[in-house]
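Any read-out appearing in this document is the output of simple, stated calculations on the displayed coordinates, not a laboratory observation. Please read all numbers here as calculations on a predicted model, not as lab measurements. Using ideal geometry, Cβ is built from the backbone for each residue, glycine included, and neighbour counts are taken over all protein chains shown.
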Amino acid sequence: SGPLAPAFLKLLSSSDWVGDTLAQNPELADQVLDPQMVGIARTSQFWLSEGRQLLRSASSHQHQLDRIRFLKQWGTIGLSLEEVVGGDTVVAFTGISDLANALLTLTLEAVWAQYQADFGLDCSCPMFIVGYGKLGGRELNYSSDVDLVYVHYDEPGVEERHILRLAERLSRAIEQSMGRGGLYRVDMRLRPYGAQGPLVSS
């Protein structure tokens, strides 16, 4: 029921993925059809706020990664529904990119928190992510991989070996196939010197 119901049924009939996802998570239907969500700007900050709330209630690191994948399912279905309602593909593409930015940030935060706990580190996260390609241009589509470059601060506060291990863990956490699948396929070939260059640059 509700104003979005006809568009929601249209979306269900046109996407096997949406049907399969809702079969796995029927509670998502209530979230994407919530009338209070209509008209809310789903920016990267919106998804970061929602994601951090989800992560606070997670019981383990793996549960955190699962919650981030749940957020992607919620966001993707909501964006697909908006596209059906409004027919604005450009807005949908920018929304997909904003969602991806938030998901990658949340994943880095979760991976760093676990890495800190594993090695007893007491400092800020020494690296950040730069999006190139379609992600950097806010033109990501539903099936795009993400072109990423990992960058560490000039004074990272930890040894280089920790930065490299953190970057490796981050890539695994993004691509790892779990019950809800992976987040994104990661392409690092646009980093300085391509595949021959260091995984993390200053």
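A few points about this structure:
- Only helical runs count toward this figure. For the chain, summing -39,500 (n - 2.57) over DSSP H runs of n ≥ 4 and dividing by all residues gives -18500 deg cm²/dmol at 222 nm.
- Once exposed loop GluC sites (Glu not before Pro) are cut out (DSSP; at most 15 other Cβ, 10 Å), longest piece of the chain: 1-138
- Unit charges at the beta carbon, dipole of the range 100-192: most positive-side option, L183, Y132, V111: L183
- For the chain, the share of DSSP beta bridges that are antiparallel, to the nearest 5, is 65%.
- Rounded to the nearest 20, the size of the Cβ-charge dipole of the chain about its Cα centre is 180 debye, with Lys and Arg at +1 and Asp and Glu at -1.
- Answer label for volume of the Cα convex hull per residue in Å³ (calculated), chosen among (i) 204; (ii) 271; (iii) 123: (iii)
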